[in-house]
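So the structure is just underneath, and the comments pick up after that.
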Amino acid sequence: MLCPIDGRELQLTHREGIELDYCPECRGIWFDRGELDKIVERSKEQLRSRESSDRGGDRPTARHDGSNAPSKKKKASSFLSDLLEFG
Ligand SMILES: [Zn+2]
């Protein structure tokens, strides 16, 4: 399939078990319909699990000296940004 914008051949890639086509030229991304549904479902699941862990209830809030604080900001990125980020 060719990019409708610039006519480049789209690259097929797999991310998180989802197949998608992207254009190396303009970075446009095309999903098959079923793949898009998967992505929507996946991101809903992620939101739900994030909500439930945020409401951890009786989890202690004490943080000691912060030496265990995560330093990797990258890890905080969402499923979607992982999916759509091309090096
Ligand atoms: Zn393009």
Item to check | Residue list for the stretch 1-52, filter: under 13 Å from L84 (Cα atoms), basic (K, R) and out of contact with any helix residue (DSSP H, G or I) (no Cβ under 6 Å at 6 or more places or on another chain) | outcome: R27
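Test L36 against the criterion of being within 16 Å of the ligand (Cβ to nearest atom) and at pLDDT 75 or above, and give yes or no. Steps first, please.
Values: within 16 Å of the ligand (Cβ to nearest atom): no; at pLDDT 75 or above: yes.
No, not satisfied.
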Next on the checklist: Between a residue in the stretch 1-19 that is in contact (Cβ under 8 Å) with a residue 12 or more places away in the chain and any residue that is surrounded by 12 or more Cβ atoms within 10 Å (Cβ to Cβ) and of a type in the set (G, A, S), which pairs come within a Cβ distance under 8 Å, given they are 6 or more apart or on different chains?
Outcome noted: C3/G28; I5/G28
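The values are calculated or read from the model by the stated rules, or taken from the named source; none is laboratory data. Source: prediction; values computed, not measured. Glycine gets a Cβ as well: all are built from the backbone with ideal geometry, and neighbour counts include every protein chain shown.
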